[in-house]
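> Please find one structure pasted underneath; my questions will follow.
The values are calculated or read from the model by the stated rules, or taken from the named source; none is laboratory data. Predicted model, so just to flag it, every value in this text is computed and none were measured. Methodologically, a virtual Cβ is constructed for each residue, glycine included, from the backbone with ideal geometry; neighbour enumeration extends over all protein chains shown. When the accessible area is computed, the model is the full protein with side chains, heavy atoms only, and any ligands, DNA or RNA have been set aside. Shrake-Rupley method; radii C 1.70, N 1.55, O 1.52, S 1.80 Å.
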Amino acid sequence: MAEPFELIGFRYSVYTRIVRIALIETGTDASYLEVDPFSDSPALERFTPLGLVPVLRHGDFTLTETAAILRYLARVTGTDRLMPRDPRALARMEQVMGVADTSLYWPLVRQVFSHGFFAPQMGEPYDPEQVTAGLEAGRNGLRLLDGIAEEGLVLRGDAMTLADLHLAPMIDYFTRVAAGAEMLASHPALSAWWSGMAGSPLLLASEPFPDVPRP
Ligand SMILES: N[C@@H](CCC(=O)N[C@@H](CS)C(=O)NCC(=O)O)C(=O)O
């Protein structure tokens, strides 16, 4: 019998959503365990000492780090089309995933989205200066990705790779804040990519705020 998959995640976590859409795109059925890493990190300790979601389990194999999980899913399901064969396209895919992690997640998601959308929505305290700081801190990463989208090896719209899956939920959250949507609009190639991704069934099926209209 095939070994079962289990995703341990949190409904509002952007990284959990990346794995969710990768599960859909690779046609992988997985059970789901909800754990809020911000309030219940002891529950995560039996899976990871880092206290972060997502965690993917496949039988007795436990994996963390979203980029590693995506590559594993692509390989183990034989969804080779998500990892380009061309060495330069593959390198660009890896680059986009790395830039998203190191230069976009914190400013776009934890600063702009968390303080400009999530906390106000949840009635939690927030700091509007974090939105301004995040917009500034995310500027160079967005400029870099705009150049990559313009080059066209990945983020093409016609051939999805792991880079699309990794980036889309972050841009989705970022553009729920009007100032984020405005900043994205000043990057023409990245905006063109995003306008093709924005209403995709993958994102609709994994929508974390189904009852809240987008700005
Ligand atoms: N490098 C990790 C990052 C995961 C991550 O930062 N997850 C967030 C939720 S989106 C988390 O669990 N945060 C809990 C915390 O910061 O305490 C990955 O790629 O999976």
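> Taking residue 30 as the residue in question, decide whether it is more than 9 Å from the ligand (Cβ to nearest atom) and more than 30 Å from residue 137 (Cα to Cα). Spell out the reasoning first.
Working: more than 9 Å from the ligand (Cβ to nearest atom): yes; more than 30 Å from residue 137 (Cα to Cα): yes.
Spelling it out, residue 30 is indeed more than 9 Å from the ligand (Cβ to nearest atom) and more than 30 Å from residue 137 (Cα to Cα).
> Mind listing whichever residues of region 86-120 are away from the ligand (no atom under 16 Å from the Cβ) and touching a residue at least 24 places away in the same chain (Cβ under 8 Å)?
Matches in region 86-120: 86, 88, 89, 92, 116.
> Would you be able to tell me the number of residues in region 68-89 that are surrounded by fewer than 17 Cβ atoms within 10 Å (Cβ to Cβ) and more than 15 Å from residue 30 (Cβ to Cβ)?
Qualifying residue count, region 68-89: 9.
> Taking the criterion of being within 12 Å of the ligand (Cβ to nearest atom), outside any helix (DSSP H, G or I) and at positive phi, would at least one residue in region 49-58 satisfy it?
Step one: list which residues in region 49-58 are within 12 Å of the ligand (Cβ to nearest atom), which gives 50-56.
Narrowing the set further to residues that are outside any helix (DSSP H, G or I) leaves 50-56.
Now narrow it down to the ones that are at positive phi: 51.
Among the residues of region 49-58, at least one is within 12 Å of the ligand (Cβ to nearest atom), outside any helix (DSSP H, G or I) and at positive phi, which makes the answer yes.
> For the condition at pLDDT below 95, small (Gly, Ala, Ser) and under 18 Å from the mean Cα position of the chain (by Cα), what is the one hit in 141, 157?
Numbers: 141 fails: at pLDDT below 95.
Sole residue among the options that is at pLDDT below 95, small (Gly, Ala, Ser) and under 18 Å from the mean Cα position of the chain (by Cα): 157.
> Further, regarding this structure: Would you call residue 42 open to solvent by 70 Å² or more (accessible area, probe 1.4 Å) and either within 19 Å of residue 167 (Cα to Cα) or not assigned by TED's automatic domain parsing to the domain that holds residue 158 (or both)?
Numbers: open to solvent by 70 Å² or more (accessible area, probe 1.4 Å): yes; either within 19 Å of residue 167 (Cα to Cα) or not assigned by TED's automatic domain parsing to the domain that holds residue 158 (or both): yes.
Answer is yes for this residue.
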